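Asks: Submitted below is the structure of interest, expressed as structure tokens.
The values are calculated or read from the model by the stated rules, or taken from the named source; none is laboratory data. What you see is a predicted model; the values in this text were computed from it and never measured. Every residue, glycine as well, gets a Cβ built from its backbone with ideal geometry; the counts of neighbours run over all protein chains shown. The area values use the complete protein model at the heavy-atom level, side chains included, leaving out ligands, DNA and RNA. Shrake-Rupley method; radii C 1.70, N 1.55, O 1.52, S 1.80 Å.
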Amino acid sequence: MIAIGIINYLIQPKTGGMKQLLAVSLGILLWLLCLAAWYYIFNVVRWEEKGKLHNTISVFFVLHITVMFLNLFRIMIECGSLNPYTYKGFNQKYFISTGDFISGVTFDSPVTTAMISAFAVLYFLYRRYFILSLLPWLAS
């Protein structure tokens, strides 16, 4: 990505200026910081005890699933319905879009929540924790 940024800057002399040079430099700095973060995480994973890493990942995923359940319970209480996916009140605020209001530990978009949940399912299946692998599906 760094090479693409540099080549793009060099082959477009019309747009080359201080603003573009600053943008390219900040882009290169961003990718270098990502590379440094990757190297740090790589070393942590390589040298840390495997049991401690697995426990940390498991706690993160369980915390994520717990926050999802809490969001779902909040929606159920607000709707007064056990199944907010069929609740048509509040001008169909929830109804089919209930999943859009369920966030995980990151309190980010539903896409991020779904991706973390998908990784949780795969991780728990890989570790043969079959009951835990069902929890993300139940919470969404």
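Asks: Among 5, 136, 67, which residue has its Cα furthest toward the positive end of the charge dipole of the chain, with +1 on Lys/Arg Cβ and -1 on Asp/Glu Cβ?
Replies: It is 5, whose Cα lies furthest towards the positive end.
Asks: Just by accessible area at a 1.4 angstrom probe, what is the order of 88, 19 from largest to smallest?
Replies: Greatest to least solvent exposure: 19, 88.
Asks: About the Cα centre, and with charges only on the beta carbon of Lys, Arg (+1) and Asp, Glu (-1), how big is the dipole of the chain? Nearest 20 debye, please.
Replies: Roughly 140 debye for the chain.
Asks: Identify which of 33, 72, 22 has the largest mean-square fluctuation in a Gaussian network model of the chain, with springs joining Cα atoms closer than 10 Å.
Replies: Result: 22 has the largest fluctuation of those listed.
Asks: Between residue 43 and residue 77, what length comes free when the chain is fully extended (0.36 nm per residue of separation minus the Cα-Cα distance, one decimal in nm)?
Replies: Once the chain is fully extended between residue 43 and residue 77, it gains 7.7 nm.
Asks: Ignoring any ligand, DNA or RNA, what whole percent of the accessible area of the range 2-140 comes from carbon and sulfur when the probe is 1.4 angstrom?
Replies: 73 percent
Asks: Now for a different question. Out of 27, 104, 51, any idea which swings most in a Gaussian network model of the chain, alpha carbons joined below 10 Å?
Replies: 27
Asks: From the protein chains alone at 1.4 Å, what is the descending order of accessible area for 116, 6, 11, 75, largest first?
Replies: On the way: 116 25, 6 70, 11 120, 75 0 Å².
Putting 116, 6, 11, 75 in descending order of accessible area: 11, 6, 116, 75.
Asks: Additional query: For n ≥ 4 DSSP H runs only, could you compute -39500 (n - 2.57) per run for the chain, divide by its residues and tell me the 222 nm figure to the nearest 500?
Replies: Numbers: 6 runs with 101 residues, N = 140.
Helix-only estimate at 222 nm: -24000 deg cm²/dmol.
Asks: Compute a Gaussian network model of the chain, connecting alpha carbons closer than 10 Å, and tell me which residue from 15, 113, 56 fluctuates the most.
Replies: So, out of 15, 113, 56, the one fluctuating most is 15.
Asks: For the range 53-108, calculate the relative contact order in percent as a whole number, restricting contacts to Cα pairs under 8 Å that are 6 or more residues apart. Present the calculation step by step, with values, prior to reporting the outcome.
Replies: Numbers: 40 pairs, mean separation 21.4, N = 56.
This gives 38 percent for the range 53-108.
Asks: Follow-up. Averaging sequence separations of C-alpha pairs under 8 Å and six or more residues apart, then dividing by the length of the chain, give the relative contact order as a whole percent.
Replies: Averaging sequence separation for qualifying contacts and normalising by length gives 17 percent for the chain.
Asks: Turning to a different aspect of this structure: Could you tell me how many degrees, from 0 to 90 and to the nearest 10, lie between the Cα long axis of helix 130-139 and the main elongation axis, the longest principal axis, of the Cα atoms of the chain?
Replies: With rounding to tens, the tilt is 90 degrees.
Asks: With a 1.4 Å probe and every protein chain left in place, work out the accessible area per residue of the chain in Å², rounded to a whole number.
Replies: Each residue of the chain exposes 73 Å² on average to a 1.4 Å probe.
Asks: Still on this structure: If you line up the long axis of helix 50-79 against the longest principal axis of the chain, both from Cα atoms, how many degrees apart are they, to the nearest 10?
Replies: Tilt of helix 50-79: around 60 degrees.
Asks: Taking the inverse of the average 1/r across all pairs of different Cα atoms in the chain, what Kirkwood radius in Å do you get?
Replies: 18.7 Å
Asks: Please arrange 85, 40 by accessible surface area, largest first, computed with a 1.4 Å probe and ligands excluded.
Replies: From most accessible down to least: 40, 85.
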